[in-house]
1. Based on the alpha-carbon gyration tensor of segment 302-350 and its eigenvalue square roots a ≥ b ≥ c, which shape applies: rounded if a/c is under 1.5, prolate if not and a/b is larger than b/c, or oblate?
2. Give 142/166; 198/250; 47/270 a once-over and call out the pairs whose C-alpha atoms are over 28 Å from each other.
3. Select from 93, 342, 213 the residue whose mean-square fluctuation is largest in a Gaussian network model of the chain (Cα-Cα springs shorter than 10 Å).
4. Given axes a ≥ b ≥ c from the Cα gyration tensor, I'd like to know whether the chain is rounded (a/c under 1.5), prolate (a/b larger than b/c) or oblate.
5. Please compute the Kirkwood hydrodynamic radius of segment 245-365 from all pairs of different C-alpha atoms, in Å with one decimal.
6. Scattering from the C-alpha atoms of segment 1-94 alone, worked out with Debye: what is log10 I(q)/I(0) at q = 0.11, 0.12 1/Å?
7. Anything over 27 Å Cα to Cα? Flag those among 123/276; 71/294; 146/276; 243/307; 72/325; 252/352, in the order listed.
8. Quick one, can you get me the convex hull of the C-alpha atoms of segment 56-149 expressed as volume per residue in Å³?
Amino acid sequence: MKKIFFGGPSITNAEINIVKDSVKNGFYEGMSIYLEKLIRQLNKTLKSKYILPTFTCTHSMHLALLSCGIKKGDEVILPEISWVATAQSIAYTGAKCIFVDIDPTNLCIDPKKIEDSVTSKTKAIMVVHAFGHPCNMKEIKKISKKYGLYLIEDAAPSLGSNINGKMTGTFGDVGCFSFQGSKIATGNEGGVLVTKSKEKYDFAKLYSILGRTDSKKPFWSDHIAYRYGMSNLNAALAYVQVKRIKELVKIKRKIAETYIRYLKNLNNVKFIYEPKYGYSNYAYPNITLENSNKEKRDILIRKLSSKKIYCRAMFPATSEMPMFKTQSKNINSFYVSDNSITLPSPPNLKIKDIKRICDEIKKYVD
């Protein structure tokens, strides 16, 4: 029985050849050649002026927050449902996480719920383009402008997603993407910070190189800072993947379309579609089980696993974690957390594989 993995990259000879070349020629005078190629390609793809490659997207988010002046005593609004790195990056600054409910139809932060959480201490909104689906940036930008808040985009899995042609990660003050191994475009590991502000870019760049200024002598640093830069070798792989982003999005969307075809008439299974206002890369397709509960959802995941089909449970509600423990009333988030599944979507997934997955789901829910 074939194993169906949760995710993974699409690797061609182009990636293999450039990684070989980066090992051979990516040192000495070539020590930054692939970083420069990646930056130029991202400039072209995102139409954003300032690009800073980092070792992970979490590092990018930390730098983004610092570049906006977020500090201890501040509050930052974010969605209840996300990979914990979103909240962790806020915690690194000493600021308080304020968790807001999601829209269960697209798993992104619900703009209608944001204003109720704004206080005199609120300094930023950190949105998450969940699983590749764009947030409602038009409405969220209105709110950030109304209250004078910084707008930071955790666009980690959403490279290639857009709203009317404008790419996710480029709407706010700073955007952050991931090149982790299961993302739509990978560098094996890596992240990138994107901004239209030279001031924020300069700040983030300085704080990604241990605050080194050489202002008084070589290797002199004027700041307590971090070592967050991406390696030239990671950049080589990420460069080719970004060049292929339209092709990779096409593959992911085809996978999503096939899931929709096989699941559309299934009772009590709700597929999470891209929002009407945006275009999703469908990096990670999701379903929500209706008339269900966490126990039933987990049983389905175990049954699929027994058939060598590897899915993931939805992220837990972050406010429940001990380091963020709060009394949350984010009802949609708790329901989605307990009843949703992220389906397999590696680029090598075949139509017959998707049919097999859906047939196993049908056996359980029918």
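Just so it is clear, none of the values below were taken in a lab; they were calculated from the coordinates. Only a predicted model underlies this, so the values are computations on that prediction, with no experimental measurement involved.
1. Details: a/c = 2.77, a/b = 2.69, b/c = 1.03.
Prolate is the answer for segment 302-350, as a/c is 1.5 or above and a/b outweighs b/c.
2. On the way: 142/166 17 Å; 198/250 33 Å; 47/270 35 Å.
Cα-Cα > 28 Å for 198/250; 47/270; rest within.
3. Judging by the Gaussian network model, the answer is 213.
4. On the way: a/c = 2.00, a/b = 1.25, b/c = 1.60.
The shape class here is oblate.
5. Working: mean 1/r = 0.0650 Å⁻¹.
Answer for segment 245-365: a Kirkwood hydrodynamic radius of 15.4 Å.
6. Each listed q corresponds, in turn, to -0.56, -0.65.
7. Values: 123/276 29 Å; 71/294 37 Å; 146/276 25 Å; 243/307 36 Å; 72/325 18 Å; 252/352 15 Å.
Listed pairs above 27 Å: 123/276; 71/294; 243/307.
8. Values: hull volume 8.2 nm³, N = 94.
Taking only Cα atoms, segment 56-149 has a hull volume of 87 Å³ per residue.
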